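Read through the structure below, which is laid out as structure tokens, and then see the notes.
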There are 2 protein chains.
Amino acid sequence: MVTPLFISMLFPVLALGVAAWFVYWIMTRDQGTSEMKKVAGAIREGAAAFMNRQYKTIGLISVVVALGLWAAYYFTDKPAMGWQTALAFMLGSASSAVSGIIGMSIAVRSNGRSAAAAKKSFNEALTVAFRGGAVSGLTIISLSLIGIAGLFGIYRYFGYEAVMIPSLIVGYGFGASLVALFAQLGGGIYTKAADVGADLVGKIEAGIPEDDPRNPAVVADLVGDNVGDCAGRGADLFESTAAENIGAMILGVALYPYFGISGVLFPLVLRAFGLLASIVGVLFVRARENDDPMSALNRGYFITSGLAAVAFYFVTQKMLGNMWFFWAGMIGIATSIVFVYITQYYTESKFRPVKEIAEASKTGHATNIITGYAVGLESTGLTVVTISAALLSSYWIGSHSGVPGGGLYGTAVATMGMLASAAYILAMDTFGPIVDNGAGIAEMSGESGHMRDVMDKLDSAGNTTKALTKGYAIGSAALAAFLLFSAYLEEVHIQVVNLFNIKVFVAALIGAMLVFLFSSLAIRAVGKAAYSIINEVRRQFKEHPGIMRGEEKPDYSKAVDITTRGALRQMVLPGVLAVAVPVIVGLTLGAEAEAGLIMVGTITGILMATLMNNAGGAWDNAKKWIEEGNLGGKNSPAHQAAVTGDTVGDPFKDTAGPSLHVLIKLLATLTLALAALFV
Amino acid sequence: MVTPLFISMLFPVLALGVAAWFVYWIMTRDQGTSEMKKVAGAIREGAAAFMNRQYKTIGLISVVVALGLWAAYYFTDKPAMGWQTALAFMLGSASSAVSGIIGMSIAVRSNGRSAAAAKKSFNEALTVAFRGGAVSGLTIISLSLIGIAGLFGIYRYFGYEAVMIPSLIVGYGFGASLVALFAQLGGGIYTKAADVGADLVGKIEAGIPEDDPRNPAVVADLVGDNVGDCAGRGADLFESTAAENIGAMILGVALYPYFGISGVLFPLVLRAFGLLASIVGVLFVRARENDDPMSALNRGYFITSGLAAVAFYFVTQKMLGNMWFFWAGMIGIATSIVFVYITQYYTESKFRPVKEIAEASKTGHATNIITGYAVGLESTGLTVVTISAALLSSYWIGSHSGVPGGGLYGTAVATMGMLASAAYILAMDTFGPIVDNGAGIAEMSGESGHMRDVMDKLDSAGNTTKALTKGYAIGSAALAAFLLFSAYLEEVHIQVVNLFNIKVFVAALIGAMLVFLFSSLAIRAVGKAAYSIINEVRRQFKEHPGIMRGEEKPDYSKAVDITTRGALRQMVLPGVLAVAVPVIVGLTLGAEAEAGLIMVGTITGILMATLMNNAGGAWDNAKKWIEEGNLGGKNSPAHQAAVTGDTVGDPFKDTAGPSLHVLIKLLATLTLALAALFV
């Protein structure tokens, strides 16, 4: 038993060492011209200011929730679980916050260095940016593992029964989810409010190009890419792995008579090996001068997946001794690859959907919107078929494994397969904002020539990787969902969720409605937060006419600060809704109804997130395709219509969609942590 | 036993008599100038041509499905039920078609007469139009009742056990649903394709006003209002009452030990009295010269509801002898009133949501779309709270009635309460296209002065009633849904739908996805069908330049014909999807999974339809509010953005939204009719 736990601690520590080495390597790179340093510095300061304020708010909320948890357990038959759950909750929140902060700090230090490296060599620019992303990926997954394995070890040390422990650490997942919700909401609102604000006043009112240094909102916009994609998605996947680990361990407890403690620790060990595979994958990312950056990134991804598959084989053999589950894991790995292709099909301009949207732009704004929305709706089809196939087949494999109740464990192992490459995927994701920022820094500091081409190429690859990660995140959330339900039902001792029970049905209806209402609030928050920055930019232009003439520097940090405050204010209402509704329903309609709420809320959330992510991505790329000179090119009527679609898609794909991923998992971990209250 | 059945046949026959008298009364009204007669004649011909072609297509599909039903039952353990189900199916299809045809035929004869009457008196214009709508309302509800009561009587005559019969006539509801699906889809696609086509080429390319007689698509546009709102919604509510009657009867069978045959026939008798109440309500609709037409219509509605409540009281006392169910019925009546207010709040310009959309139009197309979409999402909140309250409270009442298993019957009676005023609501609905057409005829035949004002006032009221009916239709569908599930579960002898069974969960996921995919196809169909009419209008303008100079008459009927063919072609794919997916899932994953599919499909469908209807209505009225001179008025930038929103909203609210109401009920009746195949 010590060995698996040891591995689950050792490999993450190793991975942290590699991450530290990447940090060292990045920090010793050249930072470019003094102009570039200045811009990068402004972004760094803005990001730090945002993180500072955001985590203060989140910290406050977390403390309140932790106290609430402690108090709430007082009214159950397990009052002692109160402090345990509250403690695990605080630890989960803190680890999520720490990994977010580390990842972001490195990202905002890699962006300028990647741009500076682009002057020397394409490969170095790519490597700096990707390793900057890998710091996030490795840190997040490592901390998630260390936290859970550590808690497990500590409880063991204090003499708790191994099979009792997973229930005691469910608070960890809830803490991670809550921080993720606010991180993704706050970051998502911030990034789009800054983007919309910068565009509306800068591009449209003042008529200056994107990333123009005269625009007071331009730094806020660059900061936004970091806080949304990097910190937000990082927290999202931190909680995915945490929640899924805990869920799988609880399931392992149910199979204790069959597998013993191995079944409980199996998920941790697999994740540890996945981390190793990701490190190797990251190290393999390099490219020659004229390579497509995507092929370098894809190579690393396939190496990671391949190594993870090999590790799966041996770990399964050693720990479970039942090779059926190896195949379940393979289904997970295959599913993650299929999701990559579905996302590409619906959001890349070389395929039918994006072309269709671009064509529809010729007849105006309305037809662009209608077609894009129809494409988003359509994209749920293949997504659901894939999820259904993965769930049914992994369940079938598990049922045929000869293990009683092995079906569910089959789906759990498939989820582990899907998440095996999480660290690598996260590296790809954070790579996005780093190169996006790098390109922005190059533009703002007046660079030109070959280096700009390199950064534009990387930026375009970054857009693709950001889209892929969203597909991956929603796929893994869907697959993990069923596992988390079963963990919850295990906790509340329910075997059946009868949708024909009127309370369950009504709760299910409310769960689906929660997704719609939450999306409404998230979308609207962007508009409200954008107002504040728009007014600020207008004020600066008016009071300091020198800015537009290029004689005076705009006050970037003021714009950053105002956007920060606007975004944080707007994240509260949807966040509270997401927590309050399931708690109220659980308390009034009971544990079975609560299960109905989370299950149907999850189903609706998966579909809505898919719709929003893919419609948003497709609109974005339809615009880019027209800008490449098709259908009349820039400033043609078709382009104007496409810009409308892109603007509509922004809060869809960068605020509401990603926040829904987190909402889905929050529903599961929240009910898991509060299970004792609902019975 | 004879008395209740007798009443269920007698009252509808009486109602048909009243409808016939209305027809006579309308036909003896003045038709106006020869110019008006000509325009009205063109609309009549166009509508007849559409109906002709549409019902041929639907007839063909129905025969194929009927044969399929017959054959499918051959493989079950109840082969004899094959011809019974197929027969009931054909009867349901035929009745639905007949009531659609009668309603439409009168609607297209009332429009011109209402306009002609407007020259004399406001009250007569209102009365002609409303009675024209009432013909639809009374015919549809009467035929639905006569069909079911008649089938019941016939089976009794041939010696079948009373409690056996409801299961034998489930095919009737399926037939009605299938016709409704295609009628609503075909009509919804037609009306919006014609609308978009007429606007795009007429208003935008040629620069001529709406309803200008030089536009070859203008008659197609006026025909569209009839085939979408009148025939489509008529078929929708025909099936609502049919399906709900059958569902409630099956539930009555389950309570047979307690209520005897009274419980089975109770729904039919209630519906019969609701029909009487509606007749009285219709007769009370009159207005003085300067009245608001809505207050006259609302008065009739409240009289109908009041009388229905009184009838409920006595029928419940006489037939059930348990007054708890009276209160359940009152909940239904109250729910229908609440739905009217929710719809008004979200779609009328005097309230916050529409104003918000109008405000957002000032910052452009994209913000208009984002805000409208957020409003639509938000509107699901109150809707779901109302449905949840109605379901839980009526169930609670039923459970406390002292009748074993009475909870479900409580929700059934609440649904009956909601549908008691169905005939009146349908009259209000059909009133919409009649006055819309009336106003169009006045415009096209060059009328002016006071009469135009009268028709514009009526037209505006018609827009409100159309929106209200959609809210009512979705509310009643939601309430009836739970009842229909229980009827299905009764048929397949299942008490529990365990969402935690992986097959059920996957089927539920597929059910939700079906709603998204169906919406995608329905929305897209409008664009595709619009292409054909756009090309035809362009062709006519090009080949006959005299048209634009007003020297040559455009070929209206050609445009009608092309739109008809386009719309009918496009309705096939979503229609087939709606039938094929549940059949495949039922056959492969079984009866319990099928229940998961229809229940979660229904939940998602309710939310999606609410979103689409309300967003569409709100966009529409935001545009109208700006056109009234607010925020810059017509042709201001805000107005252009609002037009984009309105155009996006058109397929939402007139094609996809209403088709989803039908889809929800089709899922239930289809599974009910095919239940024997899934066990």
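No value in this document is a laboratory result; all are computed from the given coordinates. In this text the structure is predicted, and so the values were computed from the model without any measurement. Note: ideal-geometry Cβ built from the backbone for every residue, glycine included; neighbour counts use all protein chains shown.
Using the Karplus relation 6.51 cos²θ - 1.76 cosθ + 1.60 with θ = phi - 60°, the per-residue 3J(HN,Hα) values for the stretch B:152-160 come to 4, x, 5, 4, 4, 4, 7, x, 6 Hz, with x marking Gly and Pro. Seen against the Cα atoms of chain A and their longest principal axis, helix A:233-254 is set at about 10 degrees. For B:Arg299 and B:Ser448, a Förster radius of 22 Å and the Cβ-Cβ distance give a FRET efficiency of 0.10, rounded to the nearest 0.05. Per-residue extension of 0.36 nm, minus the Cα-Cα distance of B:Glu161 and B:Arg569, leaves a gain of 142.5 nm for this segment.
Is there a pair in A:Lys528/B:Lys457; B:Lys37/B:Lys558; A:Lys203/A:Lys528; A:Lys624/B:Lys528 whose C-alpha atoms are over 28 Å apart, and which pairs would that be? With Cα atoms farther than 28 Å apart: A:Lys528/B:Lys457. Counting other Cβ atoms within 10 Å as a rough exposure proxy, the listed residues A:Tyr24, B:Tyr301, B:Tyr155 run A:Tyr24, B:Tyr155, B:Tyr301 from fewest neighbours to most. Of the peptides A:246-253, A:219-226, B:302-309, the ranking by mean beta-carbon count within 10 Å, highest at the top, reads A:219-226, A:246-253, B:302-309. Angle, helix A:293-315 long axis vs. longest principal axis of chain A, Cα atoms, 0 to 90°, nearest 10? Helix A:293-315 sits roughly 10 degrees off the main axis of chain A. Working ranking of peptides A:3-13, B:381-391 by packing, defined as the average number of other Cβ atoms within 10 Å per residue, highest first, is B:381-391, A:3-13. Between the alpha-carbon centres of the stretch B:181-218 and the stretch B:503-570 there is a gap of 9 Å. From the alpha carbon centroid of the stretch B:616-645 to that of the stretch A:437-453 is 42 Å.
Estimated from helices alone, the mean residue ellipticity of the protein assembly as shown at 222 nm is -29000 deg cm²/dmol (sum of -39500 (n - 2.57) over DSSP H runs with n ≥ 4, per residue). Which shape class, rounded, prolate or oblate, goes with the protein assembly as shown when its Cα gyration tensor gives a ≥ b ≥ c as root eigenvalues, a/c under 1.5 marks rounded, and past that a/b bigger than b/c marks prolate? Taking the square roots of the gyration eigenvalues as a ≥ b ≥ c, the protein assembly as shown is oblate.
Under the definition of Cα pairs under 8 Å and six or more residues apart, what whole-number percent is the relative contact order of chain B?
About 22 percent, as a whole number.
Taking a ≥ b ≥ c as the square roots of the eigenvalues of the Cα gyration tensor, an a/c ratio of 1.5 or more together with a/b larger than b/c marks chain A as prolate.
Note on B:Val496, A:Val515, A:Val282: ascending count of other Cβ atoms within 10 Å places them as B:Val496, A:Val282, A:Val515, the fewest first. When each of the peptides A:423-435, B:417-429 is scored by the mean number of other C-beta atoms lying within 10 Å of its residues, the order from highest to lowest reads A:423-435, B:417-429. Between helix A:324-347 and chain A there is an angle of about 20 degrees, using the helix long axis and the longest principal axis of the Cα atoms.
When both the stretch B:63-102 and the stretch A:286-346 are represented by their alpha-carbon centers, they are found 51 Å apart. Cβ-to-Cβ counts within 10 Å put A:Ile165, A:Ile204, A:Ile369 in ascending order as A:Ile204, A:Ile165, A:Ile369, the fewest first. Counting Cβ atoms of other protein chains within 10 Å of each residue's Cβ and taking the mean over peptide B:492-504 gives 6. Shape class for the stretch B:502-637: oblate, because the ratio a/c of the largest to smallest gyration tensor axis (alpha-carbon atoms, square roots of eigenvalues) is 1.5 or more and b/c is at least a/b. For the segment B:520-527, counting C-beta atoms of other chains within 10 Å of every residue's C-beta and taking the mean gives 5.
The region of chain B that goes longest without hitting one of the trypsin sites (Lys or Arg not before Pro) in a DSSP loop, each with at most 10 other Cβ atoms within 10 Å, is B:351-679. Peptide A:198-206 is shielded by partner chain Cβ atoms: per residue, an average of 1 of them sit within 10 Å of its Cβ. Among the listed pairs A:Lys542/A:Lys623; A:Lys119/A:Lys653; B:Lys192/B:Lys623, those whose Cα-Cα separation exceeds 22 Å are A:Lys542/A:Lys623; A:Lys119/A:Lys653.
Straightening the chain between A:Arg53 and A:His544 buys 174.0 nm, computed as 0.36 nm per residue apart minus the Cα-Cα spacing.
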